Amino acid sequence: MSYRDILVFLDGSRDNDARLDIAISLAKAHDAKLTGVDVSSAAAFEGEWSERARRVGESFESKAGAAGLSSRFKIVERESAGWKDFYVHYADLLIATQPNRQAAGKILSAIPEDVLISSGVPMIVLPHRWTSKPIMQNVVIAWSPSSQATRAVHDAMPILAQAQRVSVFAFDPPSDRNDADIKMLCDHLLTHGITAETEPWPDTGELSVIEALFASRCMEDADMIVAGAYSHSRFRETLFGGVTRDLLRQFSLPVFVSH
């Protein structure tokens, strides 16, 4: 199991280097081709961002070349919409940084939310001001028996298979007289050679899902969360409202998310 085609979004922000370093690390680990896509807006080439924005392609090609990767660099058409926008439909995995106010107007607004909604490709979303350090060694699955969470687990299998520790957090997990949902997930993971610890959390009404997740023992030394989109009424709210929105906007850990 591996990702053979990885895409990283590039821009003139100070988050760019850490994002590119993680993309290169992943591409090397999976012997993948790496595509860098410049998603800077026209405003990025004015003021304090301008020098960094102009060097995005040079920096990408230099680092990817030094790592010995097969790579290509693309620039998003900033004024038109079409089938090639963002080049995401031809990748196995996308890497982006969470939205932040400092980047507002200087990065095309579709990154990362709209792209994740429309691409059908899983994405690793890094926190703003994330520093380059190892990730994907201690991974926590934020689980619910839903199509979104199931998709995320399946998409994350290459990462889960290489992790040193995998934990499953389930908030008020369902069970009946014969089976427990969280145990059946662990049995499924085991068929892929992945042994997982479990932490079911009863819903006492005292903590929200996110509060319980970050209070749980499985988050000790965790370096990535795998999560799907939790269900609400409207499609956009399904992905970026409520629990999933809060998860993608926390500043602690990268999140691997699918929908």
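What follows draws every value from the coordinates through simple rules; no lab data is involved. For clarity, every value in this text was computed on a predicted model and none was experimentally measured. Because the Cβ atoms are built from the backbone with ideal geometry, glycine has one as well, and the counts that use them run over all protein chains shown.
Mind checking the range 1-100 for trypsin sites (Lys or Arg not before Pro) that DSSP puts in a loop (not H, G, I, E or B) and that have at most 16 other Cβ atoms within 10 Å?
Here the sparse-neighbourhood loop sites are R4, R14, R55, R78, K84.
Non-local amide H neighbours of L10 (under 5 Å, H modeled in plane, Pro and chain starts lacking H): which ones?
V37, D38, V39
Express in nm, to one decimal, how much length is gained between I75 and S62 on full extension, taking 0.36 nm for each residue of separation and deducting their alpha carbon distance.
Value of the extension gain: 3.0 nm.
What 222 nm value per residue comes from the helices of the chain, counting each DSSP H run with n ≥ 4 as -39,500 (n - 2.57) and dividing by all residues, nearest 500 deg cm²/dmol?
-9000 deg cm²/dmol
Once fully extended, how much extra length lies between R249 and R129, figured as 0.36 nm per residue of separation less the alpha-carbon to alpha-carbon distance?
Residue separation times 0.36 nm, minus the Cα-Cα distance, leaves 42.0 nm.
Students often forget the sequence filter, so: which lysines lie under 25 Å Cα-Cα from K33 once same-chain residues fewer than 8 apart are removed?
Excluding near neighbours in sequence, the set is K63, K74, K84, K133.
Please state the shape class of the range 138-258: rounded when a/c is under 1.5, otherwise prolate if a/b exceeds b/c and oblate if not, all from the C-alpha gyration tensor.
Rounded shape, in that the Cα axes give a/c under 1.5.
With θ set to phi - 60°, apply the Karplus curve 6.51 cos²θ - 1.76 cosθ + 1.60 along the range 74-91 and write out the HN-Hα couplings as whole Hz, x wherever there is a Gly or Pro.
Per-residue couplings from phi come out as 10, 10, 5, 5, 7, 10, 9, 10, x, 5, 8, 3, 6, 6, 7, 6, 10, 10 Hz.
Please order C218, C186 by the number of other Cβ within 10 Å, starting at the fewest.
Fewest-to-most Cβ neighbours within 10 Å comes out as C186, C218.
Compute the long axis of helix 16-30 from its Cα atoms, compare it with the longest principal axis of the Cα atoms of the chain, and write down the angle in degrees, 0 to 90, nearest 10.
On a 0 to 90 degree scale, this one is about 60.
In bins 5 Å wide, starting from 0, what share of all Cα pairs of the chain does each bin hold, as a percent?
1, 6, 13, 18, 19, 16, 12, 7, 5, 2, 1, 0, 0
Return the long-range amide H neighbours of I141 (sequence gap of 5 or more, or a different chain), with a cut-off of under 5 Å between placed amide H atoms.
Amide H neighbours of I141, under 5 Å, 5+ apart: S167, V168, F169, V226.
Would you mind computing, in nm to one decimal, how far apart the modelled labels at L190 and R4 are, each placed 7 Å from Cα along Cα→Cβ?
Result: 3.2 nm between the two label points.
Evaluate E = 1/(1 + (r/R0)^6) for E51 and Q162, where r is the Cβ-Cβ distance and R0 equals 30 Å; express this FRET efficiency to the nearest 0.05.
After rounding to 0.05, the efficiency reads 0.20.
Assign one of three labels to the range 45-102, namely rounded, prolate or oblate, based on the Cα gyration tensor with a ≥ b ≥ c the square roots of its eigenvalues; rounded applies when a/c is under 1.5, prolate when it is not and a/b is larger than b/c, and oblate otherwise.
It is oblate, given that a/c is not under 1.5 and a/b is not larger than b/c.
Spelling out what I want: for every residue of the range 159-171, take phi, set θ = phi - 60°, compute 6.51 cos²θ - 1.76 cosθ + 1.60 (Karplus), and round to whole Hz; glycine and proline get x.
6, 4, 5, 9, 5, 6, 9, 10, 10, 10, 9, 9, 8
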